[in-house]
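K.L.:
Right, I'll just put the structure down here and ask away after.
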Amino acid sequence: MSAYDETCIFCKIAAGEFDTEFVATSENVVAFNDIAPVAPVHILIVPKEHVVSANDLGPEHGNLWQQILEVAQHAAQTAGVADSGYRLVTNAGAGAGQEVMHLHVHLLGGGPLGGIVTTKNKG
Ligand code: AMP
Ligand code: ZN
């Protein structure tokens, strides 16, 4: 599979170009710590293939979403939040706050997370 975008930071990280320490990995997915954590545990789960967002996942990607979930579960276990609880979030598109245009799921945990942010309660 593996579509690679040479301008994409997450393609480079997933390919191991920066010697990033992975919290969890599988054949097609990696997980690593967010560079600017917003919770005590803040891990990004990223497919190795360049897919822009959840909105771009289709049948051609097979069970990639399931594979992402399995790595998230493994990362949660490794980070020690599987039992205490965690949140999985993915931003699809700039209007949702997506800044890195390579599909990723945020795994947040390790402390109180507050409510889900919406246009009614943010800021
Ligand atoms: P989003 O706003 O959903 O696109 O989230 C992008 C996330 O990627 C942010 O939480 C950033 O802190 C994180 N991020 C950006 N560059 C890196 C990097 N080089 N290593 C780890 N995390 C990064
Ligand atoms: Zn990419």
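K.L.:
Give the residue, chosen from Ala15, Ala3, Ala96, that is near ligand 1 (Cβ under 10 Å from one of its atoms), among the hydrophobic types (A, V, I, L, M, F, W, C) and open to solvent by 40 Å² or more (accessible area, probe 1.4 Å). Working first, answer last.
P.N.:
Values: Ala15 fails: near ligand 1 (Cβ under 10 Å from one of its atoms); Ala3 fails: near ligand 1 (Cβ under 10 Å from one of its atoms).
Sole residue among the options that is near ligand 1 (Cβ under 10 Å from one of its atoms), among the hydrophobic types (A, V, I, L, M, F, W, C) and open to solvent by 40 Å² or more (accessible area, probe 1.4 Å): Ala96.
K.L.:
For region 87-112, what are the residues that are within 16 Å of ligand 2 (Cβ to nearest atom) and part of a loop (DSSP other than H, G, I, E, B)?
P.N.:
Residues satisfying the conditions are Thr90, Asn91, Ala92, Gly93, Gln98, Glu99, Val100, Met101, His102, Leu103, His104.
K.L.:
From the list Ile43, Ile9, pick out the single residue that is among the β-branched types (Val, Ile, Thr) and farther than 16 Å from Ala79 by Cβ. If you could, list the steps in order and put the result at the bottom.
P.N.:
Details: Ile43 fails: farther than 16 Å from Ala79 by Cβ.
Within the list Ile43, Ile9, the selection yields Ile9.
K.L.:
Looking only at region 34-47, which residues are more than 7 Å from ligand 1 (Cβ to nearest atom) and either out of contact with any strand residue (DSSP E or B) (no Cβ under 9 Å at 6 or more places or on another chain) or without any contact (Cβ under 8 Å) to a residue 60 or more places away in the chain (or both)?
P.N.:
Answer for region 34-47, where residues must be more than 7 Å from ligand 1 (Cβ to nearest atom) and either out of contact with any strand residue (DSSP E or B) (no Cβ under 9 Å at 6 or more places or on another chain) or without any contact (Cβ under 8 Å) to a residue 60 or more places away in the chain (or both): Pro37, Val46, Pro47.
K.L.:
Listed residues Gly85, Gly58; which is at pLDDT 95 or above and on the phi > 0 side of the Ramachandran plot?
P.N.:
Numbers: Gly58 fails: on the phi > 0 side of the Ramachandran plot.
Sole residue among the options that is at pLDDT 95 or above and on the phi > 0 side of the Ramachandran plot: Gly85.
K.L.:
Anything in region 66-86 that is open to solvent by 80 Å² or more (accessible area, probe 1.4 Å) and assigned to a helix (DSSP H, G or I)? List them, or say none.
P.N.:
Gln66, Glu70, Gln73, His74, Gln77, Thr78 - these are the residues of region 66-86 that are open to solvent by 80 Å² or more (accessible area, probe 1.4 Å) and assigned to a helix (DSSP H, G or I).
K.L.:
(1) over 15 Å from His104 (Cβ atoms); (2) in contact with a Gly (Cβ under 7 Å, 6 or more places away or on another chain): which one isn't true of Ala3, the others all being true?
P.N.:
The failed condition is (2).
K.L.:
Continuing with this model, one more query. Within region 48-60, track down each residue that is surrounded by fewer than 17 Cβ atoms within 10 Å (Cβ to Cβ) and either part of a loop (DSSP other than H, G, I, E, B) or in contact with a strand residue (DSSP E or B) (Cβ under 9 Å, 6 or more places away or on another chain) (or both). Outline the logic, then answer.
P.N.:
First, pick out the residues of region 48-60 that are surrounded by fewer than 17 Cβ atoms within 10 Å (Cβ to Cβ): 52, 55-56, 58-60.
Val52, Gly58, listed by residue number.
The values are calculated or read from the model by the stated rules, or taken from the named source; none is laboratory data. Because the structure is predicted, anything quoted here is derived from the model rather than measured. Methodologically, a virtual Cβ is constructed for each residue, glycine included, from the backbone with ideal geometry; neighbour enumeration extends over all protein chains shown. Surface accessibility is based on the protein's heavy atoms, side chains included, excluding ligands, DNA and RNA. Shrake-Rupley method; radii C 1.70, N 1.55, O 1.52, S 1.80 Å.
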